[in-house]
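Here's the structure we're looking at; comments come further down.
The values are calculated or read from the model by the stated rules, or taken from the named source; none is laboratory data. In this text, all values refer to a predicted model and were calculated from it rather than measured experimentally. Neighbour counts run over all protein chains shown; Cβ positions are idealised from the backbone, glycine included.
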Amino acid sequence: MTDSAPRDFIRQIIHDDLESGKHAGIVTRFPPEPNGYLHIGHVMSICLNFGVADETGGRTYLRFDDTNPGREDEEYVRAIKDDVRWLGFDWADRLTHASDYFGRLYEAAETLIGLGLAYVDSLSADEIREFRGTLTEPGKDSPFRDRSVDENLALFRRMRAGEFGDGELVLRAKIDMASPNINLRDPALYRIRHVTHQTTGDAWCIYPMYDFAHTLSDAFEGITHSLCTLEFEDHRPLYNWFLDVLQPPHRPRQIEFSRLNLAYTITSKRKLNALVTEKIVSGWDDPRMPTIAGMRRRGYPPTALRDFVRRAGVTKKDKLIEMGMLENCVREALGDPAPRRMAVLRPLRVVLTNYPEGQVETVQAANHPNDPSMGMRDVPFSRELWIEQDDFMEDAPRKFFRLKPGGEVRLRAAYIIRCDEVVKDADGNVTELRCTYDADTRSGEGGSDRKVKGTIHWVSAAHAIDAEVRLYDRLFNVANPNTADDFHEALNPASLECVAAKLEPALADAEAGVAVQFERLGYFCPDSGDDAPGARVFNRIVTLRDSWAKLEKQELAGQG
């Protein structure tokens with residue numbers, strides 16, 4: 001499934017290829033390496049690769065680039081599958097791995113050796129880097145570059161047999177050490193790694209490099225359009241070189257697009273892994289993380305992420321997109337389906353002195369103010385209530401229309417009350433308000449025509465549910481944390497605040513991951529994580545309004 005999308009430059013290329021008859025059908029692939037969790041940047045690639053295939057009746061492969069077993073794990077494989085499904089896409093029977101083609105890749109490497117286009121190098125990794133040259137200086141030929149075909153084949157087969165240690169030898173393509181494109185300066189094709197592979201076990205001790213494995217895997221699978229982010233643009237000549245010299249039956253075309261860079265986030269797997277291992281966050285699915293798992297746990301709906309990448313667009317130009325755009329997509333996705341509930345995050349006790357002690361009545365509140373079909377719910381009302389501390393001000397300015405001494409306010413779906421007395425502790429902190437209610441102003445009845453300017457939410461103290469509410473904010477306090485010398489310095493110390501809240505009883509059966517709107521406060525959902533077993537925990541998904549908008553625009557404008 002996909003959401004409709006405008007015809008960006010990639011879709012235009014695909015349209016033209018179909019119209020011209022160059023391709024009878026479209027085949028794409030999404031090829032993640034299982035060395036971490038997917039993040040917001042991957043959402044663009046997932047939606048693009050699966051989307052353009054779905055829109056044209058084509059096919060998409062989910063292919064795991066599992067060529068680096070020392071960094072890969074089955075946990076990441078499972079997480080990636082879950083993320084792609086959750087976003088709304090299905091690879092059907094097209095789940096593959098680069099390791100599925102290890103035999104064919106090995107044969108292709110021997111073919112290159114036989115053509116005199118690959119050689120076994122005995123230089124160390126440091127020496128190879130030294131010989132490679134710089135962006136302004138050409139590289140130098142390895143002293144082992146002119147080994148004979150027979151010697152290279154013999155050495156490569158001994159590498160395959162496990163006769164050498166890690167890093168002792170490497171197979172390199174023989175292209176051009178003077179090329180202005182460093183990727184063509186005899187890139188490595190195979191390295192020795194005596195590491196057990198999660199799929200092939202100990203069958204191999206040499207593993208292909210990404211560029212080699214990726215190109216040929218595309219060809220083996222009949223990929224028509226290999227869609228990559230812009231950092232692979234300089235790799236395209238190497239991609240095409242492999243196709244030119246090996247002449248596989250099918251020739252894919254690589255096309256690059258700009259990465260999706262989101263303000264106030266990082267997407268480097270190395271840095272994200274550091275956040276996890278250093279316990280700065282609770283895990284890869286911490287709701288502050290830009291991972292798909294983190295956003296799912298926080299309560300973002302998949303439709304919001306798909307809408308976000310549609311709005312961001314597929315272009316050739318690098319861009320840093322405002323976090324506010326993503327959050328607005330979340331608000332729009334949640335606005336219609338999320339039922340309304342009342343919750344008090346920072347409770348202040350209110351005692352209605354003229355309400356009968358022990359009496360409880362039921363008032364009715366709409367589940368959604370704009371959708372009568374969602375019905376009404378019963379909310380208990382009693383003598384003692386909780387309201388938000390911020391909804392009372394002792395020395396209130398003239399335009400403060402919430403509760404103040406001598407002032408009146410309407411309780412949502414209930415009565416108008418007046419504050420008569422303020423109770424404080426020994427330190428002068430307000431601990432309780434003593435109020436009176438107007439029995440003739442119950443909402444929905446004739447007396448409710450009396451108007452006051454302010455309406456606030458509340459919870460009956462006797463019936464309130466205790467819960468921990470986690471108020472998540474942006475993990476970094478600068479728009480582009482990648483510009484900091486140390487990304488740790490850009491961390492937002494206020495990215496998480498935990499409060500002991502009071503919730504109305506209807507929230508007792510709220511389902512994990514299902515969003516509700518806490519009236520006047522924002523969108524929340526029960527936490528689906530396991531770091532607070534047995535506890536009732538709600539995550540703030542997003543506030544009702546973007547409080548960062550002005551600052552974010554200023555920061556992004558300052559970066560040009």
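All conditions in (1) in contact (Cβ under 8 Å) with a residue 24 or more places away in the chain; (2) not assigned by TED's automatic domain parsing to the domain that holds residue 475 hold for residue 292, with the sole exception of (2). It is to be established whether one or more residues within the range 253-275 are closer than 21 Å to residue 52 by Cβ, hydroxyl-bearing (Ser, Thr, Tyr) and in a helix (DSSP H, G or I). Checking the range 253-275: not a single residue is closer than 21 Å to residue 52 by Cβ, hydroxyl-bearing (Ser, Thr, Tyr) and in a helix (DSSP H, G or I). Residue 36 fulfils the conditions (1) more than 30 Å from residue 167 (Cβ to Cβ); (2) touching a Leu at 6+ places or on another chain (Cβ under 7 Å); (3) in a loop (DSSP other than H, G, I, E, B) except for a single criterion, (1). Does residue 23 satisfy being farther than 22 Å from residue 251 by Cβ and not charged (D, E, K, R)? In short, no. Once the range 362-396 is narrowed to residues that are acidic (Asp, Glu) and touching a Ser or Thr at 6+ places or on another chain (Cβ under 8 Å), the residue that is farthest from residue 416 (Cα to Cα) is 378. Of the strands (runs of 3 or more DSSP E) entirely within the range 399-474, those holding at least 2 residues that are within 42 Å of the chain's Cα centre (by Cα) and in contact (Cβ under 8 Å) with a residue 60 or more places away in the chain occupy 430-438, 465-472. Return the total of residues in the range 137-180 being hydrophobic (A, V, I, L, M, F, W, C) and over 19 Å from residue 108 (Cβ atoms). So the answer is 4.
Looking only at residues in the range 101-160 that are of a type in the set (Phe, Trp, Tyr) and under 40 Å from the mean Cα position of the chain (by Cα), the one that is farthest from residue 216 (Cα to Cα) is 131.
Of all residues in the range 141-155, at least one satisfies being within 17 Å of residue 208 (Cβ to Cβ) and touching a Phe, Trp or Tyr at 6+ places or on another chain (Cβ under 9 Å).
I need the full set of residues from the range 12-27 which are surrounded by 12 or more Cβ atoms within 10 Å (Cβ to Cβ) and either in contact with a Leu (Cβ under 9 Å, 6 or more places away or on another chain) or among the aromatic types (Phe, Trp, Tyr) (or both), in order please. Those that are surrounded by 12 or more Cβ atoms within 10 Å (Cβ to Cβ) and either in contact with a Leu (Cβ under 9 Å, 6 or more places away or on another chain) or among the aromatic types (Phe, Trp, Tyr) (or both): 25, 26.
For the range 84-117, give me each residue that is in the same structural domain as residue 171 (by TED's automatic domain parsing), among the acidic types (Asp, Glu) and exposed (fewer than 14 other Cβ atoms within 10 Å of the Cβ). Selection gives 107 alone.
Within the range 191-236, the set of residues being at pLDDT 95 or above, part of a loop (DSSP other than H, G, I, E, B) and under 15 Å from residue 105 (Cβ atoms) comprises 193, 200, 203, 204, 205, 209, 221. Candidates are the residues of the range 272-287 that are closer than 21 Å to residue 46 by Cα and not aromatic (Phe, Trp, Tyr); the one that is surrounded by the most Cβ atoms within 10 Å (Cβ to Cβ) is 287. Applying the selection to the range 86-117, what residues are more than 11 Å from residue 246 (Cβ to Cβ) and not in a helix (DSSP H, G or I)? 87, 88, 89, 90, 91, 92, 93, 94, 95, 96, 97, 116 - these are the residues of the range 86-117 that are more than 11 Å from residue 246 (Cβ to Cβ) and not in a helix (DSSP H, G or I).
Each residue in the range 222-271 was checked for being surrounded by fewer than 18 Cβ atoms within 10 Å (Cβ to Cβ) and at positive phi, and 2 pass. Residue count for the range 120-133 satisfying the condition of being more than 17 Å from residue 156 (Cα to Cα) and either in contact (Cβ under 8 Å) with a residue 24 or more places away in the chain or outside the structural domain of residue 166 (by TED's automatic domain parsing) (or both): 5.
Residues considered: 407, 428. Of these, the only one that is farther than 22 Å from residue 505 by Cα and either in the same structural domain as residue 503 (by TED's automatic domain parsing) or touching a Cys at 6+ places or on another chain (Cβ under 9 Å) (or both) is 407. State whether one or more residues within the range 326-334 are acidic (Asp, Glu) and touching a Ser or Thr at 6+ places or on another chain (Cβ under 7 Å). No, that holds for no residue.
Just name the residue that is surrounded by the fewest Cβ atoms within 10 Å (Cβ to Cβ) out of those in the range 291-330 that are of a type in the set (Lys, Arg) and out of contact with any strand residue (DSSP E or B) (no Cβ under 6 Å at 6 or more places or on another chain). Ranking the qualifying residues of the range 291-330, first place goes to 317.
Yes/no per residue for (1) surrounded by fewer than 19 Cβ atoms within 10 Å (Cβ to Cβ); (2) modelled with pLDDT of 95 or more; (3) touching a strand residue (DSSP E or B) at 6+ places or on another chain (Cβ under 9 Å); (4) within 27 Å of residue 352 (Cα to Cα):
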site: 447; (1), (2), (3), (4): yes, no, yes, yes
site: 468; (1), (2), (3), (4): yes, yes, yes, yes
site: 482; (1), (2), (3), (4): yes, no, yes, no
site: 486; (1), (2), (3), (4): yes, no, no, no
site: 497; (1), (2), (3), (4): yes, yes, yes, no
site: 516; (1), (2), (3), (4): no, yes, yes, no
site: 523; (1), (2), (3), (4): no, yes, yes, no
site: 532; (1), (2), (3), (4): yes, no, yes, no
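Total residues in the range 281-320 satisfying the condition of being under 14 Å from the mean Cα position of the chain (by Cα) and closer than 18 Å to residue 476 by Cα: the figure is 13.
Candidates are the residues of the range 118-145 that are among the aromatic types (Phe, Trp, Tyr) and under 28 Å from residue 247 (Cβ atoms); the one that is surrounded by the most Cβ atoms within 10 Å (Cβ to Cβ) is 119. Apart from one condition, residue 25 fits all of (1) without any contact (Cβ under 8 Å) to a residue 24 or more places away in the chain; (2) more than 20 Å from the chain's Cα centre (by Cα); the exception is (1). Residue under question is residue 183, and the condition is that it be surrounded by fewer than 20 Cβ atoms within 10 Å (Cβ to Cβ) and in a helix (DSSP H, G or I); does it hold? Yes: the conditions hold for residue 183.
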